[in-house]
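See below for the structure under consideration.
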Amino acid sequence: EAAAKAGAAQRYAEARGTAELLASGSDDFTVFLWAPAAGKKPIARLTGHVQLVNAVTFSPDGQWLASGSFDGAIRLWAARTGKFVAALRGHVGAVYQLAWSGDSRLLASGSKDSTVKVWELKSRKLKEDLPGHADEVYSVDWSPDGERVASGGKDRNLKMWRR
């Protein structure tokens, strides 16, 4: 685990030295990747979702971009190029929120299907399915130490999940 953290820190330092990027999700089912310092036109248009894109987030190490959609899918992209990497499927409702762990190894997602799911980047597979909310999950985030996920939703409950 120490080696993984050191690797993530090194990748972050490398990414930090490059131009800042911005990603935007849209109701036309696309994600646009922008380099604001380079110009006003997007550098890439990322397609593949079949309903509106509700969430986009860069990994802390700057290597990955994840997008979540009302189609229930999470799509993973190479952050610098916008190249499609993988689709993470498991939610049966809209994906409302995404959050990366601090080491960029895990991605948490909250959904209309009342679950929180934790995805492992290395295998690109579902690591943990966290049912327990009685209704839609609107918000997810990681604790600073990466050991817990917090989630909140329409059921007015805040849940803390341990790894």
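Quick check on the stretch 88-104. Is at least one of its residues assigned to a loop (DSSP other than H, G, I, E, B) and of a type in the set (Val, Ile, Thr)? Steps first, answer last, please.
Within the stretch 88-104, the first condition is being assigned to a loop (DSSP other than H, G, I, E, B), and the residues that meet it are 89-94, 101-104.
From what's left, of a type in the set (Val, Ile, Thr): 92.
Yes, the stretch 88-104 contains at least one residue that is assigned to a loop (DSSP other than H, G, I, E, B) and of a type in the set (Val, Ile, Thr).
For the stretch 76-102, which positions are open to solvent by less than 30 Å² (accessible area, probe 1.4 Å), of a type outside the set (A, V, I, L, M) and touching a Phe, Trp or Tyr at 6+ places or on another chain (Cβ under 8 Å)?
From the stretch 76-102, those open to solvent by less than 30 Å² (accessible area, probe 1.4 Å) are 76-79, 82, 86, 88, 91, 93-95, 98-101; that's our starting set.
The next check asks that each one be of a type outside the set (A, V, I, L, M); those that pass are 77, 82, 91, 93, 100-101.
If the condition is that a residue be open to solvent by less than 30 Å² (accessible area, probe 1.4 Å), of a type outside the set (A, V, I, L, M) and touching a Phe, Trp or Tyr at 6+ places or on another chain (Cβ under 8 Å), then TRP77, TRP100, SER101 are the ones that fit.
When ASP129 is evaluated against the numbered criteria (1) part of a loop (DSSP other than H, G, I, E, B); (2) without any contact (Cβ under 8 Å) to a residue 40 or more places away in the chain; (3) over 16 Å from GLY152 (Cβ atoms); (4) open to solvent by 40 Å² or more (accessible area, probe 1.4 Å), which criterion, by number, is the only one it fails?
(1)
I need every pair where a residue in the stretch 93-113 that is at positive phi has its Cβ under 6 Å from the Cβ of a residue that is open to solvent by less than 10 Å² (accessible area, probe 1.4 Å) and of a type in the set (S, T, N, Q), sequence separation at least 6 or different chains.
SER104/SER59
Looking at the structure I just gave you, is LEU46 aliphatic (A, V, I, L, M), in contact (Cβ under 8 Å) with a residue 24 or more places away in the chain and open to solvent by less than 10 Å² (accessible area, probe 1.4 Å)? Can you show your working first?
Working: aliphatic (A, V, I, L, M): yes; in contact (Cβ under 8 Å) with a residue 24 or more places away in the chain: yes; open to solvent by less than 10 Å² (accessible area, probe 1.4 Å): yes.
Spelling it out, LEU46 is indeed aliphatic (A, V, I, L, M), in contact (Cβ under 8 Å) with a residue 24 or more places away in the chain and open to solvent by less than 10 Å² (accessible area, probe 1.4 Å).
Report whether or not PRO36 is open to solvent by less than 60 Å² (accessible area, probe 1.4 Å) and either in contact with a helix residue (DSSP H, G or I) (Cβ under 8 Å, 6 or more places away or on another chain) or modelled with pLDDT under 90 (or both).
Working: open to solvent by less than 60 Å² (accessible area, probe 1.4 Å): no; either in contact with a helix residue (DSSP H, G or I) (Cβ under 8 Å, 6 or more places away or on another chain) or modelled with pLDDT under 90 (or both): yes.
No, not satisfied.
The values are calculated or read from the model by the stated rules, or taken from the named source; none is laboratory data. Computed from a predicted model, the values in this text were never measured in an experiment. Reconstructed Cβ throughout: ideal geometry from the backbone, glycine too, with neighbour counts over all protein chains shown. Accessible surface is based on the protein model in full, side chains and every heavy atom, while ligands, DNA and RNA are left aside. Shrake-Rupley method; radii C 1.70, N 1.55, O 1.52, S 1.80 Å.
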